[in-house]
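A quick write-up on the structure given underneath.
The values are calculated or read from the model by the stated rules, or taken from the named source; none is laboratory data. It should be emphasised that the depicted structure is a prediction, and the values quoted were computed from it without experimental measurement. Heads up, the Cβs are rebuilt from the backbone with ideal geometry, glycines too, and the neighbour counts pull from every protein chain shown. Ligands, DNA and RNA are stripped out before the accessible areas are found, and what is left, the full protein with its side chains, is counted by its heavy atoms. Shrake-Rupley method; radii C 1.70, N 1.55, O 1.52, S 1.80 Å.
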Amino acid sequence: MRLILVRHGQTSSNVGGLLDTAAPGADLTELGRRQAAALPAALAEEPVEAVWASTLVRTQQTAAPLAAARGLDVMVRDGVREVTAGDLEMRGDDASVRAYLEGIFAWHDGGLDSRIPGGESGAEFFGRYDDVVAEVAATGAATAVLVSHGAAIRAWTAARTDNVSVDFVATNPLGNTGVVVLDGGPAQGWTALTWEDRAVGGLALDSSATDGPAGEPVEVH
């Protein structure tokens, strides 16, 4: 199947650089809503049969225009919410953000029992995310969109694809409404086809945040 992972649109917490991972989370900003509205056109060539989102409201708000354009309901699942920040929740200082990301990336060295202080372990995160992806695949949809979160998509993709490394995701963050397209399935594994780290439609707050023009796929390796 073709699984299209989309990061949600911009929120006020993104603007403030805050680790906002608890439900319900911040709403989309005006820019975030415009980013969400651009998704139907950006994915117009994709034969999307199902749209999924997390329990954090920003993903559902991002998914809504695409689902409406395709006449689909948004399937909401807790398992694809953001990696929980625990004791670091709503902090935005450099040390806290670095500790959060380093804790997540450490899971790829086999330390799945390690956890972000007050948060979840790698085993817990991958277990819940895998369960939802398996549910999506079990529907038989040939192409599905899953609107999720930046750290969650980066961590899961590095662990579950055969051509995206943890070094790559550590240095190629996804912008709001960045898109990762995968091919495969839970049984045979996944291959990343594209990693578009910029907002769809060129609606990025800061054009210097990533290299290359808006929407240009970054080579995965």
- Query: Can you put Phe105, Phe168 in order of accessible area, largest first, using a 1.4 Å probe?
  - Reply: Phe105, Phe168
- Taking the simple approach of a point 7 Å from Cα along Cα-to-Cβ for both Asp130 and Asp87, what is their distance in nm? 2.8 nm
- Query: Could the peptides 124-131, 195-202 be put in order, highest first, of the mean number of other beta-carbon atoms found within 10 Å of their residues?
  - Reply: 195-202, 124-131
- With r defined as the distance between the Cβ atoms of Ala44 and Asp78 and R0 fixed at 30 Å, what FRET efficiency is calculated, to the nearest 0.05? 0.50
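Applying 1/(1 + (r/R0)^6) with R0 = 22 Å to the Cβ-Cβ distance of Gln188 and Ala123, what FRET efficiency is obtained, to the nearest 0.05?
Numbers: r = 22 Å, r/R0 = 1.02.
Once the sixth-power term is evaluated, E becomes 0.45.
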- Among 132-138, 1-7, how do they line up from the highest to the lowest mean number of other beta-carbon atoms within 10 Å? 1-7, 132-138
- Query: Which residues in segment 2-17 have a backbone N closer than 15 Å to a point placed 7 Å from the Cα of Ala68 along the Cα-to-Cβ line?
  - Reply: none
- Quick one: grab the alpha carbon gyration tensor of the chain, order the square roots of its eigenvalues as a ≥ b ≥ c, and give me rounded if a/c is under 1.5, else prolate or oblate depending on whether a/b is larger than b/c. rounded
- Note on the structure: For the chain, the charge dipole (Cβ of Lys, Arg +1; Cβ of Asp, Glu -1; about the Cα centre) points to a positive end, and the Cα of Ala22, Ala99, Ala42 closest to that extreme belongs to Ala42
- Note on the structure: Per the helix-only model, the chain has a calculated mean residue ellipticity at 222 nm (DSSP H runs of ≥4, -39500 (n - 2.57) each, divided over all residues, rounded to the nearest 500) of -10500 deg cm²/dmol
